[in-house]
Each structure stands twice: as structure tokens, then as C-alpha cells.
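No value in this document is a laboratory result; all are computed from the given coordinates. The shown structure was predicted, so the numbers you read here are calculated from the model rather than taken from an experiment. Counting neighbours? That spans all protein chains shown, and the Cβs are built from the backbone with ideal geometry, glycine included.
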Amino acid sequence: MAQRSFPAVYMRGGTSRVVVFKKDDLPSDPALWNEIFLSCMGSPDSHGRQLDGMGGGISSLSKVCVLSPSLRGDADVDYTFAQVSVNEAKVDYKGNCGNVSSAVGPFAVMAGWVKPAGKEACVRIFNTNTAKVIHAYFPVENGEPVFTGDFAIPGVSGTAAPVRLEFQQPGGAVTGKLLPTGQVCDTLKISESESVEVSLVDAANPCVFVRAQDVGLTGAETPAQLESSGDLLKKLDLIRRMGSVKMGIAPDLETAKNSIAIPYIALVSAPSSDEMNFSMRVIASGQPHKALPLTVSLCAAVAAKIPGTVVHELAQRVTDEVQIGMPSGVLTLSAEVTTEMGQWTAVSGSFFRTARLLFAGRIFG
């Protein structure tokens, strides 16, 4: 039987790579998408390499997004993100990806859905996963996105044109609340003899923040060092799943296993240099992330400005901008947080990424 094929574009967005589909090129029934996405990525792969597809064997290289012109008055393009598991036949649509978001605006301009005037485009993106709006700003020339430039981001070799992403009202992206439990800190009892203090925050994506030292780490571990400790990863996943139940994302621990993308779990530690406000390591879809997921970073920047959270306690010298140390360098973000009558609100959050078109054609799956 002949292989199916679909028009698609392959792009780098930030520190991720993504296969981009136009919604009209896929079956009208979204229930049929999972099989296509898994096949295109080469999942599931028991060897963890995705050699039979476009994936790269790690969560940041196993992503898909579906785009279409938006009918909303506050958006130009609708964007659905899909996190494809490497090892399992799972596709998760519950959260967003900040890195992939940086590729959406340029694609919308290339597709002719947005026709910018002047030298800078502003594309209003509605993320269907979280029902949040993101504004993407990037240079254009003769109505086409400019990909070349002198802006560098940690984790990506070389330079490119900057893409500024501004998340509008990012709080409660999945749970509907910035602090899903109403508390800045919660205690999770992970065994009869052990409990751990966490901050459960939902901004751009829901996250479980835990002190690295509380799980026996320094916070300076490399992704490879974290990957080598199977027992540690199992413990962190238990904490993640318990956080999911506590936040109301999953009804029980078993159901929480099926959500591979959210909540993320982040290990936070004090800064190791004056270049950062705090340091962080993140487990994404069961794997230590080699940089930082952007939505997690934005969530951490918001948490850093809320007194009493694990992040705020460890952060030092936080001002308007927040610098987060990660395995590949230091990431700078902005977050605006306000409080009224004891209720915290995340007004906005922004950061810079770069993007590049890698391939356009048909993908077989």
C-alpha cells in the first residue's frame, strides 16, 4: 500500500524543531491526527532515536503544530501544539510550547495569512491548547519574514533575526488559576517517611517547582547526569504526577501518567553566578531538557515575583527582567505580576527567540 503524504513545513523555533501542518491539509476529524503525527515523528521508538521519522530522539525535537487563519477578533492565526512522545504511542495537546510559538508568526506571514506593512510584523497568535493569545514581533522585508540577523540565543549555534514573543494574561493557562491550589507553597507526601515542599504555578504552562536540594541535588547537574539516575527520574515523575492531581489537571496518579507534557517539573537552586537570578533544570516529557522550555521559564519568572514561592525564596536581585541559569547558558525574560486584595495576576510575559525555515514539501506518514 502506498504511503500517505501531507504538505508540511519543517522549522526550528527557538531550541526546538517542529513539523508544521496547515489544518486544511489534515483530516477534518482531529481524532485521526495522532496516528499521522506519531508516524511522521517515528514514534514510538523503543531505541529512543526516532530514526524512522523526523523526530530527533528528545522531547524538544519531537513536536508538531497545526495552524490556520483565525476567525477571532483578537488573533490572526490559530495554533495547536502537539507534543509527541519518543518512546510511547502518545500525543499530548494539553500544553503550549514557547519555542515552537516563535515559528508560528513567520509561518503565518509566509502563508499570506498576515500581510505586514513596514519593517516589523506583529502576528497575533491564539494558542488553542491554553486559550491564550501571544503577540509575535519580528522583522520583515518586502512582506516576507527575515530569518537572518545577529541575535543569538543560548543552545543554538550562530545568530538569526530576533522574534519577540509577548504572552497576554498567561496565568491559568490550563487550570484557570495562576495559583491552582490558592497557596504559594504546598507539601506533597511522596512516601510514608518523606515529604517535599513545592510551588504549583500555572502561567503559560502549569509547573511544579521544587528545590533541587530537597531531592538530593545541587542544581548544577547536567542533563546527562540527571538522565543517568533512573531512580531520581522516577521520584521526580511521582512528584510531578502528585502535583498534577493537586492542581486538578488529572483526577488521579494513574491518569496523570497519560499527560506526558504537563505539568512540567522544575528543579530550582540559588544562582551560581552574578549573571543569573536563580538556576533551573527541567524534566520535559520524562527527559532532562538540554536548555529550558520557554513556557516553563516564563512560569518561573512569574513565580519569582510572588513572595513565598520556592522560586522567589531562591531568587536573588530580581528586578523587571529575570535571568535564569540553565545547562546551555542564561535566559532573560520579562514578567509583569500584580496583586490586588491578596490575589496575584500575571499580566504579561515576554522573551526573545529566533526561528528558521528548514524544509518545505510533503511528509510521509
Considering only V268, S228, A250, whose Cα is most displaced toward the positive end of the charge dipole of region 225-292, charges sitting on Cβ of Lys, Arg (+1) and Asp, Glu (-1)?
-> A250
In this structure, among K23/K90; K115/K305; K22/K246; K94/K246; K22/K305; K23/K234, pairs with alpha-carbon gaps over 27 Å are K115/K305; K22/K246; K22/K305; K23/K234
Between W113 and F364, take the C-beta separation as r, use R0 = 30 Å, and let me know the FRET efficiency to the nearest 0.05.
-> 0.70
For K22, which sequence-distant residues (separation of 5 or more, or a different chain) have an amide H within less than 5 Å of its own amide H, given hydrogens modelled in the peptide plane?
-> L67
Among (i) 33; (ii) 22; (iii) 18, the entry derived from the coordinates for percent of Cα pairs over 34 Å apart | (ii)
How high is the FRET efficiency between Q343 and I190 when r is their beta carbon distance and R₀ equals 25 Å, given to the nearest 0.05?
-> 0.25
Using only Cα atoms, find the angle between the long axis of helix 230-247 and the longest principal axis of the chain, and express it within 0 to 90 degrees, rounded to the nearest 10.
-> 90
Gyration tensor on Cα atoms of region 108-181, a ≥ b ≥ c root eigenvalues, a/c under 1.5 rounded, else prolate if a/b beats b/c, else oblate, says oblate
Cα→Cβ-extended label distance, 7 Å offset, between D274 and R49, nm | 4.7
Give the calculated FRET efficiency between Q183 and N34 to the nearest 0.05, with a Förster radius of 30 Å applied to their Cβ-Cβ distance.
-> 0.25
For labels at Q225 and A89 in the simple 7 Å Cα→Cβ model, what's the distance in nm?
-> 3.9
Determine the gain in length on full extension of the stretch R317-C122; use 0.36 nm per residue of separation and subtract their C-alpha separation, reporting nm with one decimal.
-> 67.0 nm
